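Peer 1: Mind looking over this structure? Questions follow.
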Amino acid sequence: MKKALITVLAALPFAAAAQQQYTIDGTIGKVKFPAKAYVVYQDRGQMKFDSATVQPDGKFIIKGNVSVPMKAFVMVAQNGENLNSRPSPDQVGVYLESGTTVITTPDSLSRANVGGTPLNKDQQDMISLLLPFKKTEAEMSAGFKAAEGNSDEQAQIQQAFESMALAKLQIQMGFIESHPKSLVSLNLLRSAVDPDKYPEKADSLFNSFSEVLKASPAGQSYLNKLGKAKAVTVGAMAPDFVLKNTKDQDVSLSSFKGKYVLVDFWASWCGPCRRENPNVVKAYEKYKAKNFTVLGVSLDGGENAKTKWMDAIAKDGLNWEQVSDLKGWGSYAVQLYHINAVPTNFLIDPTGKIIGKDLRGEELEAKLATIL
């Protein structure tokens, strides 16, 4: 468990500020005694475990010092157990900063209300804003599971989930815009706004932050990610790569210069990719005589990868050039184009410029109809 905590906490941002003297004043309604409360965080590269005994009235107070304001987790071990007794201890996220953080809950820390300091108030405001979505997500997840075997119903639930996720993202971005000096906003930006999907909005939100937030290690890390995303956004020149085709011949993206080419990242094991393939085939057949082609880049890897890849090509009728290094997510083209989901595609014009991204079905045909 300690190893998992280190992994989680290592990703948390640290803003530039003076030494912080924090106090956590907690009250838990129902407790199995003996019980002990801990605050777990990482400061200057070291894991810290500050703690206090939970009193008979359910109260505990933990005091300590941290070098800068930071995210941490308050956990409670009950019934005489130690913190490592369970794989997922009762916990709640808090911000450590100067002042008194107040935690109150009728039972589990997962249901706690956290406030008392500016950052913790910001976090609680954000949680309150997103609470309706949390309930809806749980209901949709249960509905999707109950509809197992009914692909049409599951497809409808998935579509509704995606619409809900976009609405949630708008609320999250609105919160970030209204809290440009808050460490909570930087954390939310990092977790909710993927620069690869929303490069312009990510850039705008990041630039709205205070100079302190932007200069923090977490801010610089996000800025670096944003820079890499911009390299493959619409309007950028597509990075070149060379991979082997099914005949073990080298094929470069630059060899397609002079044509419109759809660089299609997919895999034989990817259900959504296989369902989208007929749309790509349709577009290819309609426009292949008009200076358009497709370059398939497979994320297949592992045992019998090449066989599975070639079988899928034949079964789906993918009659265009296909390349892969058969390293799955470890493919250097995947890293170059920051692919974190498939299917993903990039439409590139004859000069090598990216003019479209994630074009599927009717959207792909409509785009090709306007340029060819």
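The values are calculated or read from the model by the stated rules, or taken from the named source; none is laboratory data. Remember, predicted model here, so these are calculated numbers, not experimental data. We place every Cβ from the backbone using ideal geometry, glycine too, and count neighbours over all the protein chains shown. Each accessible area value is taken on the protein alone, full model and side chains, heavy atoms only, with ligands, DNA and RNA left out. Shrake-Rupley method; radii C 1.70, N 1.55, O 1.52, S 1.80 Å.
Peer 1: Could you list, in sequence order, the residues of the range 235-265 that are of a type in the set (Lys, Arg) and either surrounded by 21 or more Cβ atoms within 10 Å (Cβ to Cβ) or in a strand (DSSP E or B) (or both)?
Peer 2: Selection gives 244 alone.
Peer 1: Also, I was wondering about something else. So which residues in the range 320-364 are polar (S, T, N, Q) and within 22 Å of the chain's Cα centre (by Cα)? First the steps, then the outcome.
Peer 2: Restricting attention to the range 320-364, the residues satisfying the condition of being polar (S, T, N, Q) are 322, 324, 331, 335, 340, 344-345, 351.
Once the filter is applied, which keeps residues that are polar (S, T, N, Q) and within 22 Å of the chain's Cα centre (by Cα), the range 320-364 yields 331, 335, 340, 344, 345.
Peer 1: Cβ-Cβ under 9 Å, sequence separation 6+ or interchain: first residue in the range 64-79 and closer than 10 Å to residue 97 by Cβ, partner open to solvent by less than 10 Å² (accessible area, probe 1.4 Å) and small (Gly, Ala, Ser). Which pairs?
Peer 2: 66/72; 68/216
Peer 1: Okay, moving on. Regarding residue 341, is this residue of a type outside the set (S, T, N, Q) and either over 21 Å from residue 238 (Cβ atoms) or open to solvent by less than 30 Å² (accessible area, probe 1.4 Å) (or both)? Break it down into steps so the answer makes sense when it comes.
Peer 2: On the way: of a type outside the set (S, T, N, Q): yes; either over 21 Å from residue 238 (Cβ atoms) or open to solvent by less than 30 Å² (accessible area, probe 1.4 Å) (or both): no.
Answer is no for this residue.
Peer 1: I've got another one for you. Please indicate, with yes or no, whether at least one residue in the range 31-38 is within 30 Å of residue 173 (Cβ to Cβ), out of contact with any Cys (no Cβ under 6 Å at 6 or more places or on another chain), open to solvent by 20 Å² or more (accessible area, probe 1.4 Å) and of a type outside the set (Lys, Arg).
Peer 2: No - not one qualifying residue is present in the range 31-38.
Peer 1: Now, a different point. Select from the range 43-72 the residues that are closer than 24 Å to residue 218 by Cα and of a type in the set (A, V, I, L, M, F, W, C) and write down the one among them that is most open to solvent (accessible area, probe 1.4 Å).
Peer 2: 49
Peer 1: Something else: Give the residue, chosen from 324, 331, 268, that is touching a Lys or Arg at 6+ places or on another chain (Cβ under 6 Å) and crowded, with 19+ Cβ neighbours inside 10 Å.
Peer 2: None of the other options fit; the residue is 268.
Peer 1: For the range 128-144, indicate whether the set of residues that are open to solvent by 30 Å² or more (accessible area, probe 1.4 Å), more than 30 Å from residue 164 (Cβ to Cβ) and polar (S, T, N, Q) is non-empty.
Peer 2: Among the residues of the range 128-144, not one is open to solvent by 30 Å² or more (accessible area, probe 1.4 Å), more than 30 Å from residue 164 (Cβ to Cβ) and polar (S, T, N, Q), which makes the answer no.
Peer 1: Can you tell me which residue within the range 145-157, out of those that are polar (S, T, N, Q) and either in a helix (DSSP H, G or I) or modelled with pLDDT under 90 (or both), is least open to solvent (accessible area, probe 1.4 Å)?
Peer 2: So, considering only residues that are polar (S, T, N, Q) and either in a helix (DSSP H, G or I) or modelled with pLDDT under 90 (or both), the one least open to solvent (accessible area, probe 1.4 Å) is 154.
Peer 1: Between residues in the range 81-95 that are in contact (Cβ under 8 Å) with a residue 60 or more places away in the chain and over 22 Å from residue 33 (Cβ atoms) and residues that are open to solvent by 80 Å² or more (accessible area, probe 1.4 Å) and of a type outside the set (Ser, Thr, Tyr), which pairs lie under 9 Å by C-beta distance while being six or more apart or on different chains?
Peer 2: 95/118
Peer 1: Something else: Restricting to the range 284-305, give me the number of residues that are free of Cβ contacts under 8 Å to residues at least 60 places away in the same chain and surrounded by 13 or more Cβ atoms within 10 Å (Cβ to Cβ). Break it down stepwise before answering.
Peer 2: Of the residues in the range 284-305, the ones free of Cβ contacts under 8 Å to residues at least 60 places away in the same chain are 284-285, 288-289, 293-305.
Now restrict to residues that are surrounded by 13 or more Cβ atoms within 10 Å (Cβ to Cβ): 284, 288, 293-301, 305.
Count: 12.
Peer 1: In addition: Just wondering, is there one or more residues in the range 83-93 that are surrounded by 14 or more Cβ atoms within 10 Å (Cβ to Cβ), under 21 Å from the mean Cα position of the chain (by Cα) and not in a helix (DSSP H, G or I)?
Peer 2: yes
Peer 1: So, in the range 330-368, how many residues would count as being aliphatic (A, V, I, L, M), assigned to a helix (DSSP H, G or I) and farther than 14 Å from residue 261 by Cα?
Peer 2: Just the residues of the range 330-368 that are aliphatic (A, V, I, L, M), to begin with: 333-334, 336, 339, 341-342, 347-348, 354-355, 359, 364, 366, 368.
Those left that are additionally assigned to a helix (DSSP H, G or I): 333-334, 336, 364, 366, 368.
Then drop every residue that is not farther than 14 Å from residue 261 by Cα, which leaves 333-334, 336, 366.
Number of matching residues: 4.
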